[in-house]
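Visitor: First the structure, which I've put down as structure tokens, then a few questions once you've had a look.
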Amino acid sequence: MRFTFSWLKDHLKTSANVNEIVDCLNKIGLEVSSLKTYKTDVNKLKVAKIIDVKKHPNADKLNICTIQFDEDQTQVVCGAPNVNVNKKYVFAPSGTFIGGINLTLKKAVIREIVSDGMLCSEKELEISDNHNGIIELPDSINLNDNVSNYLGIDDPVIEIEITPNRGDCLGVRGIARDLSAYGIGELIPLKLNNLSDEFNSSINWEIKLPNKKGHLCPSIFGRSYRNVKNIKSPQWMVNRLLAVGLRPISSIVDITNYVMIDIGRPLHAYDVKKIHGNTLTVRISKKGENFHALNGKTYDLDDSMLVICDQNGVDDLAGIMGGLRTGVDENTTEFFLEAAIFCPISIAKTGRDLNINSDARYRFERGLDFNSPEVGVSYASKLINDICGGSCSNIVSIAQKKSKKEIIFDCKSIKKITGVDIDERNVEAILKNLGFDIKSNNKFWKVSVPTWRNDVERSEDLVEEIIRIFGY
């Protein structure tokens, strides 16, 4: 699980620096496997405007670019295919260390032409592996703007190893919650500015599962959106997705991926105009059916896999990967957003049988917050409206009721099991900050388990949570 420091601070109000955060994560059992800080001298990078381009007289694939940055001008020899006059790019002056090529730039002579500095690609600045061209900046950016901040390359990236029981920490918010319980910051309330319904959803749900198989899909939500523009995502979202290893595709797809990392809620978007009929059905696949996935591959299904279909057949391997036939593209103006709870065991078996790994599967296998589908749709709706425009429908759903688990807890069991004596006020504060509700009498507590903690089943699990946060 990767996230950036600034992303964490969207959910955690803290004055701690990144090294203090890393130290705390390790103490509470969220093992940090890497901390990436950019090796490039990011503070030296400049916004540069190309004011003239000429072909290199001694090399067919090179251009001589005259650039303006700050109040200065210089000349750069560049082999990128996308150099254009009056466009703005990222420029590294001579003397800048470039992490992607492990080199400090010096003024050089390239085939008898002086080159002073470099116009940079994403790979050279350690943003991604893309080096097909140099980074083109928008016309709106000014020459004196902080380009490293604009690109997000002054933002450290933290990667933690998640144990199989901690599906709640496969979102930045869950990690922030744990840190707030430890006391290094305060969890910022999640803003759910649900939008008004402007029309009835053009797509509805149907669940057709055999008797006693309702647990395979106990909850599914959806919402339709109209008159949207599937444009390029804003730079801040692009930066964060690239930082965690996700390739930006389009604003609709990027928003679904962003929400998955942000609050741990996988989502899927269907192009409404590509759906046959007005109903999506959750059912078990039939032997001999096949599925054309978004990764471009076709999979043969057996008679045990959970799928989502329209009148034309299977087009979604539930909880694992969406279908190519109804996927959104740059021409999408109307789409339907899906968020569901699927059985972790079913998802794991299907994923193994078909050898498909995905970020969604990884999260479904570890168990999702039962209340997250409705929260995820509402949370995504605001992003969709802000970035893509348009209007949204009512939320359509089929959901079973689920009561919270309750555990009878004796505070004395903490010392008995761990040997550590903790004041009851500290115990209560830790549990409440982790999202547990407590009702107490003179001897025992009745502790309600939050819906995102599927792994907490008994009194000993509560002791583990308390000692994990309190420390030995």
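Visitor: Can you tell me the FRET efficiency between LYS439 and ASN193 if r is taken as the Cβ-Cβ distance and R0 is 35 Å, rounded to the nearest 0.05?
Guide: On the way: r = 32 Å, r/R0 = 0.91.
Efficiency computed from Cβ-Cβ geometry: 0.65.
Visitor: Charges only on Cβ, +1 for Lys and Arg, -1 for Asp and Glu: so what's the dipole of the stretch 47-103 about the Cα centre, in debye to the nearest 20? Don't skip to the answer; put the middle values down first.
Guide: Details: 6 positive and 5 negative charges, 53 e Å.
Here the stretch 47-103 has a charge dipole of around 260 debye.
Visitor: How much length would be gained if the chain were fully extended between ASN357 and ALA108, taking 0.36 nm per residue of separation minus their Cα-Cα distance, in nm to one decimal?
Guide: Numbers: separation 249, 0.36 × 249 = 89.64 nm, distance 4.63 nm.
Extra length from ASN357 to ALA108 when fully extended: 85.0 nm.
Visitor: Below 24 Å, Cα to Cα, which lysines can LYS349 reach? Residues fewer than 8 away in the same chain don't count.
Guide: LYS208, LYS212, LYS213, LYS286, LYS287, LYS297
Visitor: Which order do the peptides 101-113, 118-130, 405-417 come out in when sorted by mean C-beta neighbours inside 10 angstrom, highest first? Write down the numbers at each step before the final one.
Guide: Values: 101-113: 12.9, 118-130: 19.8, 405-417: 14.8.
Ranked from most to least packed, the peptides come out as 118-130, 405-417, 101-113.
Visitor: Oh, and also: So for the pair ILE408, HIS276, with labels modelled 7 Å out along Cα→Cβ, what separation do we get in nm?
Guide: 5.7
Visitor: What FRET efficiency comes out for the pair ASN17/ASN86, r = Cβ-Cβ distance, R0 = 45 Å, nearest 0.05?
Guide: On the way: r = 41 Å, r/R0 = 0.90.
Rounded to the nearest 0.05, the efficiency is 0.65.
Visitor: While we're on this one: Structure shown: which of LYS13/LYS432; LYS49/LYS232; LYS61/LYS229 lie over 25 Å apart, alpha-carbon to alpha-carbon?
Guide: Over 25 Å Cα-Cα: LYS61/LYS229.
Visitor: What percentage of the solvent-accessible surface of the stretch 144-229, computed with a 1.4 Å probe over protein heavy atoms, is contributed by carbon and sulfur atoms? Walk me through the numbers before you get to the answer.
Guide: Working: 1770 of 4080 Å².
Within the stretch 144-229, the accessible surface is 43 percent carbon and sulfur.
Visitor: Moving on to the next point. Can you figure out the FRET efficiency of LYS432 with THR163, using R₀ = 22 Å and their beta-carbon distance, to the nearest 0.05? All intermediate terms of the calculation are to be shown ahead of the outcome.
Guide: Numbers: r = 23 Å, r/R0 = 1.05.
Rounded to the nearest 0.05, the efficiency is 0.40.
Visitor: What percent of all Cα-Cα pairs in the stretch 120-239 falls into each 10 Å bin, going from 0 up to the bin containing the maximum distance?
Guide: Final binned percentages: 8, 20, 25, 30, 13, 3, 0.
Visitor: Let me ask something else about it. Divide by every residue of the chain the summed helix terms, -39500 (n - 2.57) for each DSSP H run of at least 4, and state the resulting mean residue ellipticity at 222 nm, rounded to the nearest 500 deg cm²/dmol.
Guide: Details: 12 runs with 117 residues, N = 472.
Result for the chain, helices only: -7000 deg cm²/dmol.
Visitor: Check each of the GluC sites (Glu not before Pro) in the stretch 152-227 and keep only those in coil by DSSP with at most 14 other C-beta atoms within 10 angstrom; list them in order.
Guide: Numbers: sites: GLU159, GLU161, GLU186, GLU198, GLU206; in loops: GLU161, GLU198.
Passing sites in the stretch 152-227 are GLU161, GLU198.
Visitor: Sticking with this one: Nearest 10 degrees, 0 to 90: what angle lies between the long axis of helix 251-263 and the longest principal axis of the chain (Cα atoms)?
Guide: So the helix axis and the longest Cα principal axis differ by about 50 degrees.
Visitor: Describe numerically, in nm with one decimal, the distance between label points set 7 Å from Cα along Cα→Cβ at ASN211 and at ILE141.
Guide: Placing both labels 7 Å along Cα→Cβ, they lie 6.4 nm apart.
Visitor: Suppose all protein chains stay in the model; what accessible area per residue would a 1.4 Å probe give for the chain, in Å²? It would help to have the intermediate numbers written out before the result.
Guide: On the way: 22460 Å² over 472 residues.
It amounts to 48 Å² per residue over the chain.
Visitor: Might you report the magnitude of the Cβ-based charge dipole of the chain about its Cα centre, with Lys and Arg at +1 and Asp and Glu at -1, to the nearest 20 debye? The partial results should precede the final answer.
Guide: Numbers: 60 positive and 62 negative charges, 153 e Å.
That gives a dipole near 740 debye.
Visitor: Compute the whole-percent fraction of alpha carbon pairs in the stretch 276-392 spaced more than 18 Å apart.
Guide: On the way: 3719 of 6786 pairs.
That fraction is 55 percent.
Visitor: Among the listed pairs LYS39/LYS87; LYS9/LYS446; LYS9/LYS88; LYS36/LYS123, give every one whose C-alpha distance is greater than 21 Å.
Guide: On the way: LYS39/LYS87 27 Å; LYS9/LYS446 33 Å; LYS9/LYS88 30 Å; LYS36/LYS123 15 Å.
From LYS39/LYS87; LYS9/LYS446; LYS9/LYS88; LYS36/LYS123, over 21 Å: LYS39/LYS87; LYS9/LYS446; LYS9/LYS88.
The values are calculated or read from the model by the stated rules, or taken from the named source; none is laboratory data. These numbers come from a predicted model, not from an experiment. FYI the Cβ positions are ideal-geometry reconstructions off the backbone, even for glycines, and counts take in every protein chain you see. For the accessible areas, the whole protein counts, side chains as well, though only heavy atoms, and no ligand, DNA or RNA atoms are used. Shrake-Rupley method; radii C 1.70, N 1.55, O 1.52, S 1.80 Å.
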